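*Asks:* Below is the structure I would like to discuss, written out as structure tokens.
Just so you know, all these numbers are worked out from the coordinates, no wet-lab data involved. None of the values given here were measured: they were computed from a predicted structure. Here the Cβ is made from the backbone with ideal geometry for all residues, glycine too, and neighbour counts use every protein chain on show.
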Amino acid sequence: MTAVNVRTGKEYWRYERPASEAGVDTFDVSERTVVAAFGDGRFIGVDLRTGKPLWHVDIQHAKGHRTMALAGGQALAGARGAVRAFAERDGRSLWTAKTPRTCPDGLVITAYALPGHLSVVPLVCNVTSPDRDECNLLLGIDNRTGKVLWQRHTAALRMMAGGGEHTLVIPDPDHPPTIHLLDVNRQGATARTLPAADAWDDVAAGGGIVLSAIDPGDRSEEDHDTLLRAYGTRDGHLSWQLRAPTGQEYGFPEIADGRVYVVRQPFLTGKDTGRRIRADLIVLDAGTGRLLHTLRLPALTVPDESKGLDVRDFGDGAVSIGWRDDEGGVLIAAD
């Protein structure tokens, strides 16, 4: 793992294991800590600023593809028949939540720490790789004791997004254009359906808004997401929409700090490999869709069969942008 300054690209630190040992499967980052899961069942915590290892644990029977997620100062990991929680900064074992018999081995996809000492943990069960969805399970766990308060089977956990303080947003790929809104608390999860009129490719959510870039036209050989549509999670009503100029499309949007970040770029197809393009990062008010900023990105060469540029992450006042298919080795940091 390597940490670099998002504004200068200068390397801060790197964490390496011997080549003979298993590599990193997944990692997650908070404001202070990096946690990582390895294929041999080892989980580690690293100080984000210095790269100094803080702790490690080895979970018996946790070999194969492993995952870990941070939520509310706790590092959550799947183990045999359980979800385990460790203190983010020192690795102390905090609690163990037993999973049902139908989920003897689960991968923790992400985690949400909600009011009322509630952690909501999506699990993909009975798999050796996150690319296979044998069983999707959502657990509500008391994050002081590890008691499982409720469980719910659901779809498309890797597309889940936080839509508000008590709301999760889950697209249903088996029944497009259905979007499920889950209102969650310690008593359970109540599902509502967002009455969207379009097929949804990807969803961003936050601050009470659900947003997607869509292609409202006929879907033929290529899909071009030319329309941003925002819906309120409280009532499901359309809040605003924004259409791209002719010949341009949007990447997948992200929401942070009450703003929408999305790349607007020329139509791309498989024939555009090797072509130089110019794109823009646009910033919108999430509640109204009002344009706040437009930033011209440097000219980039389209890698092999790329489907476009997407916003990846946020940190220290900078936005990271990369190719959707991870090809091309390009990562842009924009103020």
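*Asks:* Going out from 0 in 10 Å bins, what whole percent of all Cα-Cα distances in the chain drops into each bin?
*Replies:* Result, from short to long distances: 5, 23, 31, 28, 12, 1 percent.
*Asks:* So for the chain, averaging the separation of alpha carbon pairs under 8 Å that are six or more residues apart and normalising by length, what relative contact order in percent results? Numbers along the way, then the final one.
*Replies:* Details: 859 pairs, mean separation 25.1, N = 335.
RCO, the chain: 7 percent.
*Asks:* Considering the options LEU137, VAL203, HIS224, tell which one lies farthest towards the positive end of the dipole of the chain, charges being +1 on Lys and Arg and -1 on Asp and Glu at the Cβ, about the Cα centre.
*Replies:* So the residue furthest toward the plus end is LEU137.
*Asks:* Let me ask something else about it. Which of VAL210, VAL283, VAL169 moves most in a GNM of the chain, Cα contacts under 10 Å?
*Replies:* Of VAL210, VAL283, VAL169, the Gaussian network model singles out VAL283 as fluctuating most.
*Asks:* Run down the lysines and flag those whose C-alpha is under 26 Å from the C-alpha of LYS52, throwing out any fewer than 8 positions away in its chain.
*Replies:* Cross-link targets: LYS10, LYS63.
*Asks:* So if I take the alpha carbon set of the range 1-155, get Rg, then get Rh from the Kirkwood formula, what is the Rg over Rh ratio? Mind showing how you got there, number by number?
*Replies:* Numbers: Rg = 15.4 Å, Rh = 15.8 Å.
Rounded to two decimals, Rg over Rh is 0.98.
*Asks:* Here is a further query. For the chain, with a Gaussian network of springs between Cα atoms less than 10 Å apart, report the residue from THR190, THR26, THR246 with the top mean-square fluctuation.
*Replies:* Of THR190, THR26, THR246, the Gaussian network model singles out THR246 as fluctuating most.
*Asks:* Let me ask something else about it. Mean 1/r over all different Cα pairs, inverted: what Kirkwood radius does the range 240-317 give, in Å?
*Replies:* Details: mean 1/r = 0.0751 Å⁻¹.
So the Kirkwood estimate lands at 13.3 Å.
*Asks:* Follow-up. In nm, give the distance between the simple-model label positions of ARG92 and THR246, each being 7 Å from the Cα along the Cα-to-Cβ direction.
*Replies:* Placing both labels 7 Å beyond Cα along the Cβ direction yields 6.5 nm.
*Asks:* Using Cα positions and a limit of under 17 Å, work out the lysines in reach of LYS307, with same-chain residues fewer than 8 apart set aside.
*Replies:* Of all the lysines, those that pass the test against LYS307 - Cα under 17 Å, at least 8 places apart if same chain - are LYS271.
*Asks:* Points 7 angstrom from Cα along the Cβ direction at HIS117 and LEU291: gap in nanometres?
*Replies:* With each label placed 7 Å out from Cα toward Cβ, I get 5.0 nm.
*Asks:* Here's a follow-up. Tell me, what are the semi-axes, in whole angstrom and largest first, of the equivalent ellipsoid of the range 37-123 as set by the roots of 5 times the Cα gyration tensor eigenvalues? The partial results should precede the final answer.
*Replies:* Values: eigenvalues 81, 57, 21 Å².
Each semi-axis is √(5λ); the values are 20, 17, 10 Å.
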